[in-house]
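Data block below; observations after.
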Amino acid sequence: MPRRLEAVKVWARNVKRDVLAIWLAARDPRTPWAARVLAIGVAAYALSPIDLIPDFIPVLGYLDDLLIVPLGILAVIRLVPASLIAEFRAEAAEMTERPVSRAGLIAIIFIWLVLALVLSAWLMRFL
């Protein structure tokens, strides 16, 4: 069982790396335009908090994440030249090894809180 769990962890890290790699591919002008369009869609879906099927729906909620994202990644990888994908994967792996900025996290949380307060104050004026 531990070997299986380790394999799942490696697979999840590879999916995370590949999502970042296809995001890099979408932004690179050397990537074919069809691959860029698909890469933008797949990366946006993978990174978006909004799913086609919400995660709170048992089984189906996670099934879309387990099927749509990996199949989208596979499609993008097939459309991008192998040498570019290798370059993007290496860059993505390097990016994921960098330390996480706690100051950046705090700044983002602060911005979201301010936006939530402004929105709630705006809504209260109309209710």
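The values are calculated or read from the model by the stated rules, or taken from the named source; none is laboratory data. For clarity, every value in this text was computed on a predicted model and none was experimentally measured. Don't worry about glycine lacking a Cβ; one is built from the backbone with ideal geometry, like all the others, and counts go over all protein chains shown. These area figures cover heavy atoms from the full protein model, side chains too; ligands, DNA and RNA do not enter into them. Shrake-Rupley method; radii C 1.70, N 1.55, O 1.52, S 1.80 Å.
The angle between the Cα long axis of helix 60-79 and the main principal axis of the chain comes to about 50°, on a 0 to 90 degree scale.
Rounded to the nearest 0.05, the FRET efficiency derived from the C-beta distance between ILE53 and ASN14 at R0 = 22 Å is 0.40.
Which order do you get for GLU87, GLU94 if you rank them by accessible area with a 1.4 Å probe, largest at the top? Please report the intermediate quantities before stating the final value.
Working: GLU87 75, GLU94 110 Å².
The residues order as GLU94, GLU87, largest area first.
Note on the chain: GNM, Cα springs under 10 Å; of LEU74, LEU115, LEU38, the largest mean-square fluctuation is that of LEU115. For the chain, a simple Cβ point-charge model (Lys and Arg +1, Asp and Glu -1, everything else neutral) yields a dipole of about 160 debye relative to the Cα centre.
Given a Förster distance of 22 Å, report the FRET efficiency between LEU74 and LEU5 from their Cβ-Cβ distance, rounded to the nearest 0.05.
Numbers: r = 23 Å, r/R0 = 1.07.
Efficiency at R0 = 22 Å is approximately 0.40.
So what is the calculated 222 nm ellipticity per residue for the chain, using -39500 (n - 2.57) for each DSSP H run with n of 4 or more, over all residues, to the nearest 500 deg cm²/dmol? Roughly -27500 deg cm²/dmol at 222 nm, from the helical runs in the chain.
At a probe radius of 1.4 angstrom, the accessible area of the range 67-127 per residue rounds to 81 square angstrom. When the residues TRP112, TRP23 are ordered by accessible surface, computed with a 1.4 Å probe over the protein chains alone, the sequence from largest down reads TRP112, TRP23. In the distance distribution for the range 57-125, Cα-Cα pairs more than 17 Å apart total 71 percent. Run a plain Debye calculation on the range 3-127 (Cα atoms as equal point scatterers, no solvent) and give log10 I(q)/I(0) at q = 0.10, 0.19, 0.20, 0.22 Å⁻¹, rounded to two decimals, same order as the q list. Debye intensities relative to I(0), on a log10 scale: -0.45, -1.11, -1.15, -1.21. Taking the protein heavy atoms of the chain in the context of the full set of protein chains, the accessible area attributed to carbon and sulfur is 73 percent at 1.4 Å.
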